[in-house]
1. So between E261 and A237, what do we pick up on full extension, going 0.36 nm a residue minus the alpha carbon distance?
2. With the Cα gyration tensor of segment 31-170 giving a ≥ b ≥ c as the square roots of its eigenvalues, does the rule (a/c under 1.5 for rounded; else a/b larger than b/c for prolate; else oblate) give rounded, prolate or oblate?
3. For the chain, take every pair of Cα atoms, bin their distances at 10 Å starting from 0, and report each bin as a whole percent.
4. Set the Förster radius R0 to 30 Å, insert the Cβ-Cβ distance between E38 and F147 as r into 1/(1 + (r/R0)^6), and round the FRET efficiency to 0.05.
5. Putting +1 on Lys and Arg Cβ atoms and -1 on Asp and Glu Cβ atoms, find which of V204, L65, H77 reaches farthest to the positive end of the dipole of the chain.
6. Give me the net charge for the shell around E173: Cβ to Cβ below 12 angstrom, other residues only, Lys and Arg +1, Asp and Glu -1.
7. Students often check this: by mean Cβ neighbours within 10 Å, which of 148-159, 20-31, 220-231, 94-105 ranks highest, and how do the rest follow?
8. Hey, could you get me the Stokes-Einstein D for segment 112-264, Kirkwood radius over alpha-carbon pairs, 4 °C and 1.567 mPa s, rounded to whole µm² s⁻¹?
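Since every read-out is calculated from the coordinates, none of them should be taken as a lab result. Note that the coordinates shown come from a computational prediction; the quantities given were computed from them, not determined experimentally. As a convention, Cβ positions derive from the backbone with ideal geometry for all residues, glycine included, and neighbour counts pool all protein chains shown.
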Amino acid sequence: MKASKTLRSAFNIIMSSPLSPEERQRYEWQLWTPGFGEEGQQKLKAATVLISRCGGVGGTVALELAAAGVGRLILAHGGDLRLNDLNRQLLMTTEHVGKRRVDSAVTRLRELNPHVEVVPVPENITEANVAGLVAQADLVVSAAPLFEERLLMNREALRQGKPLIECAMYDLEAIVMPVLPGQTACLGCLTPEPPKWWKREFPVFGAVAGTAGCMAAMEAIKIIAGLGESLAGAMIAIDFRTMHVRKVAVARDVECVLCGEGAG
């Protein structure tokens, strides 16, 4: 599906203030991208993206979206930084070990781009906060290590009609899949319940997590700006052991309890 047909109905940004001279200079090289230009940059500036969480995958998403000029980032991530987080969580620093992860992430993003508003939420996604957090966003990025959190965000994004980017990695594999409510398969179509084999801790290389995050960030940029060809209806999967890249069609499950015919 082409972005011009698929994404306009999935995402509606009302552009606010024009770009300042400093912003034009900062984003100059991406403004040269055909089909993007200043209008696309204004759409990024006007957008709010919720990211859960900001570790190896989600932190890279946040880093790339801040660099690209998304106007407002909401980071939901609880807990304190551990030393064994640092092989992959690029928004964190050694001096910050033992302190709240989200504070380190906010500091790094504000240093990178002061034009971006970064909103810290020092807690993970739960039943109690998911509706309020998703309501503040135009687009949601799901990068939590627990399926319970992912399914909550998936359910709420569907309920509120917000585009969502699923991005994940395990060992040397990475996947990215956009969810456009009413148009594409959702996470519940693939995994209606947390899989029993899933473990909270698993093998991680930062380069694999970062690749998943970069792909997810680019898909978010495309959806917000209406740029290029959408991945809607498909999933990108990479096996870094073999460097095998697949684009897999993903069909909606009509019996899905979250987005199927009987949902809601």
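1. 5.9 nm
2. oblate
3. 7, 31, 38, 20, 3, 0
4. Taking R0 as 30 Å, the efficiency between E38 and F147 is 0.15.
5. L65
6. 0
7. Going by the mean number of other Cβ atoms within 10 Å, highest first, we get 220-231, 148-159, 94-105, 20-31.
8. 80 µm²/s
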